[in-house]
1. Tell me, Ser161, Ser171, Ser131 in order of fewest to most beta-carbon neighbours within 10 Å?
2. Under the 0.36 nm per residue contour assumption, what length would be gained going from the current alpha-carbon distance of Arg169 and Thr147 to full extension?
3. Add +1 for every Lys or Arg and -1 for every Asp or Glu among the other residues with Cβ under 11 Å from the Cβ of Tyr199, and state the total.
4. Pop the C-beta distance of Val35 and Leu344 into the FRET formula with R0 = 45 Å and round what comes out to the nearest 0.05.
5. Quickly work out the Val237-to-Arg136 label distance, labels modelled 7 Å from Cα along the C-beta direction, and quote it in nm with one decimal.
6. Using Cα-Cα distances under 8 Å and only pairs 6 or more residues apart, what relative contact order does region 131-275 have, in percent?
7. Taking the highest mean first, how do the peptides 262-275, 302-315 order by number of other beta carbon atoms within 10 angstrom per residue?
8. For region 237-243, in order, what is each residue's ³J(HN,Hα) by Karplus, 6.51 cos²θ - 1.76 cosθ + 1.60 with θ = phi - 60°, in whole Hz (x at glycine and Pro)?
Amino acid sequence: MPALEAAIGPDAVRALEGGHHLEHPPDEMAASLAVMLPAMNLDDRAGLLGGMQAWRPGRGRSPASGALVGSVLAPRPTTSDWASVSGWPDPWAARTPRTVRPAGPAPSTSGAGPGALPPGGCARSTVSPVSEETARRLIALAIGVATIGAGVLTWRAGQISSTANFDDRQSISQQVDEEAIRIEVAVEAARQARQYDRYVLEYEQADALDAQAAAARARGDAEGAALLADEAQQLRVQATDRAFASEVFGAATLANSAAVTADPRPFDLQDRIDQLYAAETSGLTSSGRPDPQRWADESDAIRFRVRDLVHWVALLLLAVVLFTVAEVTDRRRLRTATALLGVLLLVVVAVGAASKGFVA
């Protein structure tokens, strides 16, 4: 109104208002004001209502002003009011939210009693969907969670990968140690086998001397028989001492006496190899029995865990893509579908990584 007065002057504005009042009855003007008021700001509404009251000083509120106040308090004009005033279809009809009526008797349209509808005849919807700004903030939070989760899983994969590399080095080192021990055992067993062959040969020579002593005794040469028998016994003693010195039969103990026997002691090459290997890997200066296969198995298990973590990271990156689509799209259904799918991937990764891959 101030802009109109500045353009054509106060007198012309009052003339226009007077002509408008003469052409339109008060009831019709009140109904049209019900459409105009929602588009006004608070200052214009206060000025309009104050002017109407000033035209009726001391006479209270008119029926038209009561209807006007009711239309202002209603959430919007009804379809019938809009159509009766403007003659055009209701512009809010396409955006009308679904009306949710509570269980019980049907609401009254008379304006009185429990369950009465507000002016305009339309109950407010109790459904309060998440605003677009809130949805975008939640989606941004989900993107941050997925990104941080992918970073944590990537860090964990790199950490345990270094452990797998250590296990590989240990496996190779123990494989080398085991091969060295086996070579040393094989060389020692071959040496002792040669010493045992000498031991058996000397026992065979002693048996030959015993046979000669028996022949001499049969001829009546008792002195010669005694010398031959004594030489045979000395040969057995020397063979036994040399064999124990070479550890052909192991160290001499109470259970393994170095006493001379009439027949050669038995010797099993494979058993002796096993004994030498056990002694080599269980000595005071030994680092223990090499077990390269155990380290290799642990390394393989860690690499399986790394592979699982890589899969979880890939799913998190897919969730980030879905959340990004949900954030930039303007289509509500697409946003809801992609956001729910992203949340599902987050749950799957959280459960899967906690039970398989992240911890041993």
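Just so you know, all these numbers are worked out from the coordinates, no wet-lab data involved. Small disclaimer: the values here were computed from a predicted structure and weren't measured. Heads up, the Cβs are rebuilt from the backbone with ideal geometry, glycines too, and the neighbour counts pull from every protein chain shown.
1. The order, fewest Cβ neighbours first, is Ser131, Ser161, Ser171.
2. 4.6 nm
3. +1
4. FRET efficiency, Val35 to Leu344: 0.45.
5. 10.8
6. 22
7. Averaged packing, sorted descending, gives the order 302-315, 262-275.
8. 3J(HN,Hα) across region 237-243, in whole Hz: 4, 4, 5, 5, 4, 5, 5.
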